[in-house]
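Peer 1: Got a structure for you, written out below as structure tokens; questions coming shortly.
The values are calculated or read from the model by the stated rules, or taken from the named source; none is laboratory data. The model shown is predicted, which means the values in this text are computed figures rather than measured ones. Here Cβ is always computed from backbone atoms with ideal geometry, including for glycine, and neighbour counts include all displayed protein chains. Accessible surface is based on the protein model in full, side chains and every heavy atom, while ligands, DNA and RNA are left aside. Shrake-Rupley method; radii C 1.70, N 1.55, O 1.52, S 1.80 Å.
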Amino acid sequence: MSDPGTSEGSFERLRQDPFFDVVVDLVAGYLATAFTDPDSVAGEKWTLTCLPAHNDKAGMTRLFSLRVGPLEVLYIDQYTENGETVDYRTVMVTSTSALTRELGCPLDDLLLRYPLLRFRPVEDAAAGGDAVAIDWFLSDDGADDQFFTLPLDESTIAPLAERLADKELGPNPRSHNRWFAQYVLDAIEDDD
């Protein structure tokens, strides 16, 4: 049985979400900073799903999931009440050591410097203890501003992606939405 997150229909449903352009920008930015040529390693070193089957709670839907190697490194959850969207939560994983080096302070100090963001160490052997999940809710006024001031670029994303991409237990190519991936890759090419 195929994963519903890999179908063209799931991609078309995601395209209808008002947050779709933000989703594309985030995924394209992550991939462009993680890989020199993301197109050449699509489905092999990274996979992308749309509206994946997930252990969603009532009122929460995962819009997409980007995996590099065996680790989920970027996703957005949508929260609804009575059929209406009430919030979005963005989660991005990056290298802890690179992030703290770039910002010149330990992880604990980031909580004080960026009070609307949450920094959670990722317990995953593939990351070698050097990964942190940064998450925030759109409804927290100013959280997006704090998030986008972080150095989330080649200096912090690429070291983690490099570590994850060559793991033996990489992403499952059967869990890859080729329609969404191609749309994102086209967006990256258009930005060049």
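Peer 1: Any residue in the stretch 100-114 that is under 26 Å from Ile188 (Cβ atoms) and touching a strand residue (DSSP E or B) at 6+ places or on another chain (Cβ under 7 Å)?
Peer 2: no
Peer 1: Let me ask something else about it. Given the options Thr47, Thr36, name the one that is of a type in the set (S, T, N, Q), in contact (Cβ under 8 Å) with a residue 24 or more places away in the chain and more than 22 Å from Leu138 (Cα to Cα).
Peer 2: None of the others qualify; the one that does is Thr47.
Peer 1: More than 27 Å from Lys57 (Cβ to Cβ), surrounded by 13 or more Cβ atoms within 10 Å (Cβ to Cβ) and in contact with a helix residue (DSSP H, G or I) (Cβ under 7 Å, 6 or more places away or on another chain), is that true of Ser155?
Peer 2: yes
Peer 1: Show me the strands (runs of 3 or more DSSP E) entirely contained within the stretch 83-150 in which 2 or more residues are open to solvent by 70 Å² or more (accessible area, probe 1.4 Å).
Peer 2: Because the criterion is at least 2 residues that are open to solvent by 70 Å² or more (accessible area, probe 1.4 Å), the strands (runs of 3 or more DSSP E) in the stretch 83-150 that meet it are 84-94, 118-121.
Peer 1: Only residues in the stretch 154-168 that are touching a residue at least 60 places away in the same chain (Cβ under 8 Å) count as the first member; pair them with residues that are of a type in the set (S, T, N, Q) and assigned to a helix (DSSP H, G or I), Cβ under 7 angstrom, at least 6 apart or cross-chain, and list the lot.
Peer 2: Short answer, once both residue conditions are applied: Glu154/Thr33; Ile157/Thr33; Ala158/Thr33.
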